[in-house]
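A.B. asks: Handing you a structure now.
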Amino acid sequence: MFFEKNLGKNPEKGTLGLVLLGPIFGMLYIFFLPIIGIMTLLLALPEYANAKKAPIIESAEVCMGCHSMKGVDKVFRNKEKVSVFVNAEDFRKTVHGSLSCDSCHTKISLETHPGTASVFESKSAFVLDASKACSMCHSDAQLKAKPHHASMTNRPNAPPCTDCHGAHTVKRIADWKPALAGNQYCLTCHNQDMSKTLRNGEKLSLHIDPSQLSASVHSRHACNDCHTEYSRTSHPVKSFGSSREHSIAVSEACRKCHADKQKAVSESIHFTMISGGDLKAPVCTDCHGFHAVGPKATYETLSGVPCKKCHDGIFKKYSQSVHGLAKANGGGHRAPLCSSCHFAHEVKGTAMTERIKMACLGCHKAAEDLHKRWLPNAELHLSMVSCASCHSPKAGKGIYLKLYDQKTGKPFTEEQIVKLLGTDYQGLSERMNAHGEGIDSEGLWNIVKQLNAKGAEAKLTFLGKMELSDGSEAHMLSAKKNAVRECESCHSANSAFFKTVTVAIVKANGDLVRYKARPEVLGSMISLASLRQFYVLGSTRLKILDWIGVLMVFGGMSVPIAHFAIRILTSPIREAKRLNKMRKGDRR
C-alpha cells in the first residue's frame, strides 16, 4: 500500500526508489550468502558428529549389554579363555571411537552370536583372524611406511596388530608416544613374543622380559645407552648373517663403560681366538647375557658359572674334585671356581703362563713351608713338578719339554719357530716326527742350535717339567691325604712317568701342539746341550750323572773322614814333637 500510495502521488519517484534499492539488496544477498552458509555448517558440525556417534552408541548398546560385564570369558576349543569385557568409556577415547562394533567384527551376527568361540581352536587363532580387520582400513603401503614396522609385518611369524596396539584401546601414536617414560617406549614392542629371521634362516628373538631387565645390574640404564643408534625418532633396520654375528656386534657396546675389562679381554686367549677367525670363542654376551646381566656374585656359584657352557666336560670333572665338592657342600667363596685360577677376563692359555701354580700358592700360602717339612729340595720340586701331578694321583703323567727363551722367561711359539727355521708347519711336523717314532736327542739339539744361531735376540733351551698327560684331569684334584708322597714314584729306574716324553710347542693363541719324543732323550749326553734344569736322581735318565752324584757325595764325606784318620795316625808324631819343644824350653 505504501508503494501504491506513493506511486499514485509521484510515480517517477517510486520507480527511482525501486531502481536504487534492488541492486543494494542484491549485493547484500551475495555478500551474506557465504557467511550464512559457513554459520550453518558450523552449527551443523556438532550435530553431524553426534549423528555419526549416535548409531555407534545405539548399536553398541546391544553389544554392551553383555560386553560391559566383567568376569565373562570366551572359551576356545583348547580350553583357553579370554575376557570379553570392553570398557565403553575407554573405547570412546580411542582412535576408533567413531566406529561401530561391526565395523571391525564384520563376521558377528546377532542371529548366531554368541556361539562363535568354538569356531577357533585357540586364543591365538582368534586374535590372528580378528586382526585381519585392520587391513580393511590400513593399506599395506601405510603399514610399511616406516622401515622397522615394515620389517616386522613382512615376517612370516609377524605378530598380530593387537599385540602392540591393543584391541579396544588403540590410540593415536601422537597421544601415547610422548606419555611413555624411559624404556617403556621400547618395551611397548619388545615385551611381545617377536623374532627376526636372519640371513642364514636362524630365528633371533626380539623379546625382552621386563622383569629380567629390571633385576639386572643395568636396570637404571636407558635402552639407547647401549643401543646408541636407536631413539624415539630413529629405528634403523639392521641385517645380520647369523645369531653369532649379532652377538659379536652387540658385545662391542660393552667397551663404552667397561674399558678396563675390555683391555683385559684383549690380552686373553678368547680374544686371540676370535680375532683369528674362531667365532666360537666367547664374547661378553656369551658369559653375561644380553638384558639379564646379573651381579658379580651370580657368576660365583656352581649354577651361575658361565664357563661350563663351553667347557662342560671339564666342569663335570671339577664338580667331582675336592674343590667342586667343597663348593657344592657350602664351601662358599673359599672354594675356588674357574675364575679363581684362570681369572675372569684375562684368561690365558695354561701353556703360556705360570699363573696356575701361583693361583694354587695364592690360596695355599703355607704350601711351600709344609712341603719343606717332609720333601727334600722342596723349592725345586715345586718349580719342576706341577701341583696336579701329585694332587691328581689317578691321572696319567709324563715329561713335557717346552722351548723357552731364557732371556724373557717366556715360551717360544710355533709361529716364531717356523719363521726362524724358514719352513712351514708341515715341515716342522716332519722334523718332529722323524721316522714316525718321535724326535731323538740329536734332533732336539739341532733345532735349538739352529734357532739360537738365527735368533740373535733369543737364547733358547728346552725345559722339562712333569705334567699330566691330559690337561683336563688337572681339575680332578683330590684331598690332601690322597696326594702322592712316595719318592720312588719318580726316583726309580723303572718309573712309568719317564716312559712318556712329549715335546709341547706353544701356539700364539695358547694352544699346545704335541709331538712324540723318544724316551731316551732323557738319558742321552747330547740332551745336556738342549735340556736345562731337569734331572731326576735314580730315574732312567743319564746314569753317569747318578754315579757322578754318588761320587760327589762320597767325595765330600771322605774329606772329613780322611782328615780325622790322618790326625789319629799322626797323633804319636805330633805328641813327640810337642814333648820335644817342651824339653827345649826347660833348658832355656
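A.B. asks: Using the Karplus curve 6.51 cos²θ - 1.76 cosθ + 1.60 with θ = phi - 60°, work out ³J(HN,Hα) for each residue of segment 291-305 in order, rounded to whole Hz, and write x for Gly and Pro.
C.D. replies: 10, 10, 5, x, x, 4, 4, 4, 8, 9, 10, 4, 7, x, 5
A.B. asks: State whether segment 216-330 is rounded, prolate or oblate according to the following rule on the C-alpha gyration tensor (a ≥ b ≥ c being the square roots of its eigenvalues): a/c under 1.5 gives rounded; otherwise a/b larger than b/c gives prolate, and the remaining case gives oblate.
C.D. replies: prolate
A.B. asks: To make sure I understand the rule: partners must be aspartates and glutamates, Cα under 19 Å from the Cα of K70, and not fewer than 8 residues away in the same chain. Which ones qualify?
C.D. replies: Filter leaves E61, E80, E89, D90.
A.B. asks: Over 31 Å between C-alpha atoms is what I'm after, so list which of K280/K402; K280/K499; K372/K516; K263/K397 land there.
C.D. replies: K280/K499; K372/K516; K263/K397
A.B. asks: Sort out for me the Cα centre separation of segment 288-357 from segment 190-247, rounded to whole Å.
C.D. replies: 28
A.B. asks: Can you return the aspartates and glutamates within cross-link range of K146? Criterion is Cα-Cα under 19 Å, with same-chain partners fewer than 8 residues away left out.
C.D. replies: Here the aspartates and glutamates satisfying the reach criterion relative to K146 are D163, D175, E229.
A.B. asks: Additional query: Could you order the peptides 500-510, 420-430 from most to least packed, using the average number of other C-beta atoms within 10 Å per residue?
C.D. replies: 500-510, 420-430
A.B. asks: Using θ = phi - 60° and the Karplus curve 6.51 cos²θ - 1.76 cosθ + 1.60, what whole-Hz ³J(HN,Hα) does each residue of segment 166-178 get, with Gly and Pro shown as x?
C.D. replies: Each residue of segment 166-178 in turn: x, 9, 10, 10, 5, 10, 5, 4, 5, 8, 9, 4, x Hz.
A.B. asks: While we're on this one: Can you give me the pair-distance distribution of segment 348-541, C-alpha pairs, 5 Å bins, whole percents?
C.D. replies: All Cα pairs considered, the percentages come to 1, 7, 15, 20, 20, 16, 11, 6, 3, 1, 0.
A.B. asks: When a footprinting reagent is the concern and you count Cβ atoms within 10 Å, what order do K397, K348 take, fewest first?
C.D. replies: So the residues, fewest neighbours to most, are K348, K397.
A.B. asks: Something else: Which aspartates and glutamates have a Cα less than 19 Å from the Cα of K317, not counting those fewer than 8 places away in the same chain?
C.D. replies: E300, E467, D470, E473
A.B. asks: In what order do T233, T272 fall by count of nearby beta-carbon atoms within 10 Å, going from fewest to most?
C.D. replies: Fewest-to-most ranking of T233, T272: T233, T272.
A.B. asks: Which listed residue (F126, P236, H190) has the Cα farthest towards the positive end of the charge dipole for segment 91-248, taking +1 on Lys and Arg C-beta and -1 on Asp and Glu C-beta about the Cα centre?
C.D. replies: My answer, from the dipole projection, is P236.
A.B. asks: How much length, in nm to one decimal, is gained on full extension between A479 and A150, taken as 0.36 nm per residue of separation minus their Cα-Cα distance?
C.D. replies: Length difference between fully extended and current span is 112.2 nm.
A.B. asks: While we're on this one: Report, by chain and number, residues whose modeled amide H sits under 5 Å from the one on K74, excluding near sequence neighbours (fewer than 5 apart, same chain).
C.D. replies: Residues meeting the amide H criterion: V82, S83, V84.
Here, each number is a calculation from the coordinates, and none is a lab measurement. Just so we're clear, the structure is a prediction, and the values are computed from it rather than from any experiment. In this analysis, Cβ positions are derived from the backbone assuming ideal geometry, glycine residues included, and neighbour counts consider all displayed protein chains.
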